[in-house]
């Protein structure tokens with residue numbers, strides 16, 4: 001994971017980097033908004049630690065700029081301890097907010113919390129074989145082209161992707177998709193599978209990711 005630190009106090013920035021240092025973490029450090037934007041576009045950080053008072057503008061402005069491009073977790077650091085400052089940061093899309101001076105132990109705990117939340121969000125997404133499925137925000141793309149799925153198609157796709165490599169029986173899929181006790185036509189699942197395959201441009205004769213296991217059910221198999 002790459003963490004971007006935007007803080008004009010170099011000693012504090014270095015201290016944050018050293019306090020958070022772990023083998024799986026990398027850091028990029030910027031002291032102003034101009035540098036931060038260049039770094040963001042080139043390096044694509046996955047988490048942002050952002051000071052409010054910067055030499056060439058407000059961290060709030062940079063936060064708005066980031067939020068137009070990404071939903072990465074953002075922790076704001078500031079010497080401003082007024083309640084309205086915290087409210088402003090959170091309303092602009094910050095995930096957490098700490099005032100200076102702060103405890104390094106608390107900072108470390110806050111960052112760990114944001115990383116856990118990021119991991120949970122990733123569990124709600126699938127990016128492979130040209131597919132990009134965001135089940136949290138209900139956004140679905142194939143090679144950058146957005147497709148639109150019905151509620152039942154979304155449920156079917158999520159079940160298959162979350163259980164990729166495992167055969168899900170027709171009974172299990174039917175119960176999980178329509179499990180409200182109402183009568184479901186026996187062909188409903190076949191129709192939903194056929195429509196989903198068509199929208200994924202994923203015809204079986206071309207090596208479908210949605211594979212039929214005759215006499216059992218269906219499974220999602222990556223093409224790679």
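With respect to residue 108, determine if the residue is assigned to a helix (DSSP H, G or I), closer than 27 Å to residue 26 by Cα, out of contact with any strand residue (DSSP E or B) (no Cβ under 9 Å at 6 or more places or on another chain) and modelled with pLDDT under 90. Spelling it out, it is not the case that residue 108 is assigned to a helix (DSSP H, G or I), closer than 27 Å to residue 26 by Cα, out of contact with any strand residue (DSSP E or B) (no Cβ under 9 Å at 6 or more places or on another chain) and modelled with pLDDT under 90. So for the range 10-25 (the condition being touching a residue at least 60 places away in the same chain (Cβ under 8 Å), part of a helix (DSSP H, G or I), buried (at least 17 other Cβ atoms within 10 Å of the Cβ) and in contact with a strand residue (DSSP E or B) (Cβ under 6 Å, 6 or more places away or on another chain)), does at least one residue qualify? Yes, the range 10-25 contains at least one residue that is touching a residue at least 60 places away in the same chain (Cβ under 8 Å), part of a helix (DSSP H, G or I), buried (at least 17 other Cβ atoms within 10 Å of the Cβ) and in contact with a strand residue (DSSP E or B) (Cβ under 6 Å, 6 or more places away or on another chain). What about residue 35, is it within 29 Å of residue 125 (Cβ to Cβ) and either under 25 Å from the mean Cα position of the chain (by Cα) or crowded, with 18+ Cβ neighbours inside 10 Å (or both)? For residue 35, the condition - within 29 Å of residue 125 (Cβ to Cβ) and either under 25 Å from the mean Cα position of the chain (by Cα) or crowded, with 18+ Cβ neighbours inside 10 Å (or both) - is not met. Residue count for the range 46-58 satisfying the condition of being in contact with a helix residue (DSSP H, G or I) (Cβ under 8 Å, 6 or more places away or on another chain) and either within 20 Å of residue 113 (Cβ to Cβ) or surrounded by fewer than 17 Cβ atoms within 10 Å (Cβ to Cβ) (or both): 9. Note on the range 131-224: enclosed strands (runs of 3 or more DSSP E) holding 3 or more residues that are in contact with a strand residue (DSSP E or B) (Cβ under 8 Å, 6 or more places away or on another chain) and at pLDDT 85 or above are 131-134, 139-142, 210-213, 217-220.
Just so you know, in the range 73-97 the residues that are part of a loop (DSSP other than H, G, I, E, B) and more than 17 Å from the chain's Cα centre (by Cα) include one that is farthest from residue 12 (Cα to Cα), and it is 92.
Residue-level check: of (1) surrounded by fewer than 18 Cβ atoms within 10 Å (Cβ to Cβ); (2) modelled with pLDDT of 95 or more, residue 2 misses just (2). Applying the criterion of being exposed (fewer than 15 other Cβ atoms within 10 Å of the Cβ) and free of Cβ contacts under 8 Å to residues at least 24 places away in the same chain to the residues of the range 149-170, the residue that is farthest from residue 199 (Cα to Cα) is 162.
The values are calculated or read from the model by the stated rules, or taken from the named source; none is laboratory data. None of the values given here were measured: they were computed from a predicted structure. Here the Cβ is made from the backbone with ideal geometry for all residues, glycine too, and neighbour counts use every protein chain on show.
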